[in-house]
Every structure is written in structure tokens, then in C-alpha cells.
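Down below is the structure, laid out as C-alpha cells.
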Amino acid sequence: CYWRCAVNDDSFKSVADIMNKQIKPGVWEGITALELTESRITAAACDTLGEKLANNIPLKSLTLDFNQIGDDGAIRLSKHMVTNTTLGTLSMAYCRLTSDCCEAIAEGVVRRSKTRVLNLS
């Protein structure tokens, strides 16, 4: 859980590299929950994150609340979600989303992914 940490877009790539680490049963099961609340994540990091999600990393819960991802970030993330089968919970509360990203979220997250809990407060 990163809360108010200056993770930002550049250092997020290091977090993403850890998400790619090969699973070794009984030793390393992978990251299953990631909270990046108010961590200076923007739309740019959503592409990197989306690519990892498209490859079905073991992540089951993702919280991006209070970041500046905006509609562009939500759209970028959603386009990668169509092939994801592992993420069950996605929260993008208070991320400056408007109705402009609703169609992409509906298509990528709601209709095509396995995500069952979606928070867009």
C-alpha cells in the first residue's frame, strides 16, 4: 500500500517490474493487491499498468483513488482490461473522471473483464 508516496509515473515502472516477477509457488505468489492512493499517478502510468493487467498478472485488487489519472488514464487502463481475467476489484475514486470515459470503462472493464467491483466515486 502506497499512500501519499511520491510514486509518480517514472518510479511506477519499478513497481510494475516487480509485478512481472515470475511466480514461484510457495515462495513468491505475486502481488495480489495494490493500493496507490494519492501517489501522483497520472494517465501515463495507466498504460504501463494496463499492459501488466492485459498479461493477467495475479493482481486481484487495484486502488488508484485520489490520483490525477483523469479520463485519459481511465480510457488507457480500460482498453487493456478487455483480456484481463484476474482483477476482481478496481477503484478509481476521486481521479477526476467525467462522463467522457464512461463508454471505455463500460466496454473494457464492465463488459469484457472479470472485474466485479468497480468504484468510480
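Summary table below
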read-out	value
Any hit, region 45-53, residues being among the polar types (S, T, N, Q) and in a loop (DSSP other than H, G, I, E, B)	no
Boolean, M81 is crowded, with 20+ Cβ neighbours inside 10 Å, modelled with pLDDT of 95 or more and not β-branched (V, I, T)	no
Residues of region 1-55 that turn out to be touching a strand residue (DSSP E or B) at 6+ places or on another chain (Cβ under 9 Å), within 25 Å of K114 (Cα to Cα) and at pLDDT 85 or above, as a count	12
One residue from S78, S121 being small (G, A, S), in contact (Cβ under 8 Å) with a residue 24 or more places away in the chain and part of a loop (DSSP other than H, G, I, E, B)	S121
Unique residue being surrounded by 16 or more Cβ atoms within 10 Å (Cβ to Cβ), under 12 Å from the mean Cα position of the chain (by Cα) and at pLDDT 90 or above when the list is D65, D71	D65
Scope region 93-115; condition surrounded by fewer than 19 Cβ atoms within 10 Å (Cβ to Cβ) and in a helix (DSSP H, G or I); matching residues	S99, D100, C102, E103, A104, A106, E107, V110, R111
Residues of region 23-51 satisfying the condition of being touching a helix residue (DSSP H, G or I) at 6+ places or on another chain (Cβ under 6 Å) and either open to solvent by less than 80 Å² (accessible area, probe 1.4 Å) or touching a residue at least 60 places away in the same chain (Cβ under 8 Å) (or both)	I31, T42, A43, A44, A45, C46, D47, T48, G50
Residue identified as touching a Lys or Arg at 6+ places or on another chain (Cβ under 7 Å) and in contact (Cβ under 8 Å) with a residue 12 or more places away in the chain among A104, A54	A104
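The values are calculated or read from the model by the stated rules, or taken from the named source; none is laboratory data. Just so it is clear, the model here is predicted, and its values are computed rather than measured. Heads up, the Cβs are rebuilt from the backbone with ideal geometry, glycines too, and the neighbour counts pull from every protein chain shown. Heavy atoms of the whole protein, side chains included, go into the accessibility calculation; ligands, DNA and RNA do not. Shrake-Rupley method; radii C 1.70, N 1.55, O 1.52, S 1.80 Å.
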